[in-house]
Amino acid sequence: MSSVRSSRGPWLALAGPAALVALWAALASLGLFPESLFPTPLAVARGLGAELSNFRLVNDAIASLFRVTAGFLLAAGLGVPAGLLLGHSARAREALLPLVNFFRSLSPLAWIPFAILWLGIGDAPAIFLIFMAAFFPVVLSTTAAVASIPSVYFRVARDVGIEGAALLREVTLPAIAPQVITALRVTAGLSWLVVVAAEMIAGRDGLGFAIWDARNGLRTDLLVAAMVVIGLIGVALDRLLVRLTRIPSVRWGYDR
Amino acid sequence: MSLPPTEALLRFDRVSHSFGAVEVLSELSLAVQPGEFVALVGPSGCGKTTLLNLGSGWIEPTSGRVDRPAGVRMVFQQDGLFPWLTVWDNVRLGLRHLADEAGRIRQAGVLLELIGLTAFRAHYPHQLSGGMRQRVELARALGGGTDLLLMDEPFSSVDYLTRLKLRAELARLLREQPRTVVLVTHDIEEAAQLADRVLVLSERPARIRDEVHLKVPRPRDATHPDVVAAVHRILTELGLEGDAEPPAAASRGPEIDR
Ligand SMILES: Nc1ncnc2c1ncn2[C@@H]1O[C@H](COP(=O)(O)OP(=O)(O)OP(=O)(O)O)[C@@H](O)[C@H]1O
Ligand SMILES: [Mg+2]
């Protein structure tokens, strides 16, 4: 799961994108579609520059990032404690796991109608949908992580006199940290997917709305510009979260 | 049969234990004296680990009485170290009971020195070899200062040569920091080399079939005649060696529960 870093510097990593742009330009020059349906790289670059300099894309990105952050933090903040509870109590697992599994299997997009009916348009429905997408996977992963902590850790803790709240802080949390971090990485990616869909339907701004808006105006150059920004931010988010896996006290969960 | 009252550090008094319908221990009595090193050997599944778990208080017996001292430390077969802590912090974990930080740091330094891993203090367990990890486990357990150490096959996850080294290391550590030890092992030579008394257990439900006393002072070589004789006797008792010519006899202790 570690990042692939080439010793030859960043040049090799740019080869793929460069090849893709070249292929794209070549296809565009064939003229299979009118330019309004298949924009050239140059048109997209111009559109991107314009949308960035008039701050529309910047504001859209900020709006989307805010929603993802809010929904994701809410899901993590409630999901990890819920998972701790479920992981510790076999009864709670028996009672609630089927429910959690049901909602996890339900596409969060199925909530879009209710999100709009209940919460209208704007930040709230998007945050709600992100929460619905991220909460259940976080709960499940945390539950599984807690339930699979080797009992030997608790025996050692008892021998050396770790008890009560210290048990949570000094044994349970560090023991599940690697698995929870992996789960958070996956769900952050999921949240970023969901926010675009949410904003396409229930937004007045945001990158998803930018896509929808460009489509309605048949500005495919701006459409692709928004796609580029969405993809780049998604990669950046994962780069950011992958840093968590480099913390020395969680490396054991990834190295063996 | 109950034992005469003594100043035993760990005492099992007619202890029986069952898991559901499986009777693992039946009316077992056993007393471990302060400073004594007792080894338990016996067929797999006969109840040795259960016996240690009763001794540490991790489980309570179905019937009978276990008297144990307040602080007991267990050394596990493997992976008992906290992987999220460095060697240094794992050793310090064993010193939590010490009130002052300065004392903890000093003691941790002493223990690391003792196991010869000072240079690895900043390493995490997954960066160590199996033998090194077991040494850290020993250091952590010794940090307790508690009199009773329970060890469940502590060296069975390492190769033979490492095991021989760790045996010698344990004998040396115990000379420097004397403890009362109950050691469960499948390695009969290990039992005979390290222990003052080897208890040979029967098939489940475990009873003490035989008790072999080794009078030679510890530490001793694996090839010491008394050790060899004890090994022969234990193997015979377990039905793994013919009753041919026993070498120089190991002194036979009082038989109990037979
Ligand atoms: N938690 C448990 N629940 C049910 N049965 C158990 C449990 N722990 C042990 N047993 C049973 O008790 C018996 C003795 O187990 P124990 O682990 O004490 O054996 P052992 O002598 O340590 O074996 P080994 O040498 O293989 O480690 C076994 O038959 C085992 O199946
Ligand atoms: Mg065992």
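What follows is calculated from the coordinates using simple rules that are stated; it is not laboratory data. The shown structure was predicted, so the numbers you read here are calculated from the model rather than taken from an experiment. Glycine also receives a Cβ, built like all others from the backbone with ideal geometry; neighbour counts cover every protein chain displayed.
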Qualifying positions in region A:142-157 - assigned to a helix (DSSP H, G or I), of a type outside the set (A, V, I, L, M), more than 7 Å from chain B (Cβ to nearest Cβ) and surrounded by fewer than 17 Cβ atoms within 10 Å (Cβ to Cβ): A:SER151, A:PHE154
Kindly evaluate B:VAL41 against the criterion of being within 16 Å of the chain's Cα centre (by Cα) and within 11 Å of another protein chain (Cβ to nearest Cβ). no
Does A:LEU14 meet the test of being loosely packed, with under 11 Cβ neighbours inside 10 Å and without any contact (Cβ under 8 Å) to a residue 12 or more places away in the chain? yes
Residue list for region B:161-186, filter: of a type outside the set (S, T, N, Q) and not in a helix (DSSP H, G or I): B:PRO178, B:ARG179, B:VAL181, B:VAL182, B:LEU183, B:VAL184, B:HIS186
Enumeration of residues in region B:4-53 that are out of contact with any Ser or Thr (no Cβ under 8 Å at 6 or more places or on another chain), among the charged types (D, E, K, R) and either part of a helix (DSSP H, G or I) or within 16 Å of ligand 1 (Cβ to nearest atom) (or both): B:LYS48
I need the full set of residues from region A:218-256 which are among the small types (Gly, Ala, Ser) and over 30 Å from B:VAL87 (Cβ atoms), in order please. A:ALA225, A:ALA226, A:GLY231, A:GLY234, A:ALA236
Test result for B:GLY57, more than 13 Å from chain A (Cβ to nearest Cβ), at positive phi and in contact with a strand residue (DSSP E or B) (Cβ under 9 Å, 6 or more places away or on another chain): no
Answer residue from region B:93-123, given it is within 30 Å of B:LEU54 (Cβ to Cβ) and free of Cβ contacts under 8 Å to residues at least 24 places away in the same chain and is nearest to the other protein chains (Cβ to nearest Cβ) among those: B:ARG96
For region B:124-144, which positions are more than 14 Å from every other protein chain (Cβ to nearest Cβ) and closer than 14 Å to B:LEU174 by Cβ? B:ARG135
Restricting attention to region B:164-186, which residues are surrounded by fewer than 20 Cβ atoms within 10 Å (Cβ to Cβ) and either within 15 Å of ligand 2 (Cβ to nearest atom) or farther than 14 Å from B:LEU114 by Cβ (or both)? B:LEU164, B:LYS165, B:HIS186
Going by the conditions given, is B:PHE82 more than 16 Å from ligand 2 (Cβ to nearest atom) and either among the aliphatic types (A, V, I, L, M) or in contact with a Ser or Thr (Cβ under 8 Å, 6 or more places away or on another chain) (or both)? no
Quick one: which helices (runs of 4 or more DSSP H) lie wholly within region A:19-112 and hold at least 3 residues that are touching a helix residue (DSSP H, G or I) at 6+ places or on another chain (Cβ under 7 Å) and over 30 Å from A:VAL171 (Cα atoms)? A:41-53, A:56-88
Any chance B:ALA70 is without any contact (Cβ under 8 Å) to a residue 12 or more places away in the chain and either more than 16 Å from ligand 2 (Cβ to nearest atom) or within 14 Å of chain A (Cβ to nearest Cβ) (or both): no
Considering every residue within region B:204-215, establish whether at least one is of a type in the set (A, V, I, L, M, F, W, C), under 30 Å from A:VAL156 (Cβ atoms) and touching a residue at least 12 places away in the same chain (Cβ under 8 Å). yes
For the list (1) within 13 Å of B:GLU153 (Cβ to Cβ); (2) among the aliphatic types (A, V, I, L, M); (3) within 14 Å of ligand 1 (Cβ to nearest atom), I need the number of the one condition that B:VAL75 fails. (3)
In region A:158-187, how many residues are in a helix (DSSP H, G or I) and touching an Asp or Glu at 6+ places or on another chain (Cβ under 7 Å)? 1
List, please: which pairs have Cβ atoms under 6 Å, are six or more places apart or on different chains, and start with a residue in region A:232-256 that is more than 14 Å from chain B (Cβ to nearest Cβ) and end with one that is of a type in the set (A, V, I, L, M) and part of a helix (DSSP H, G or I)? A:LEU237/A:ALA188; A:LEU241/A:ALA188
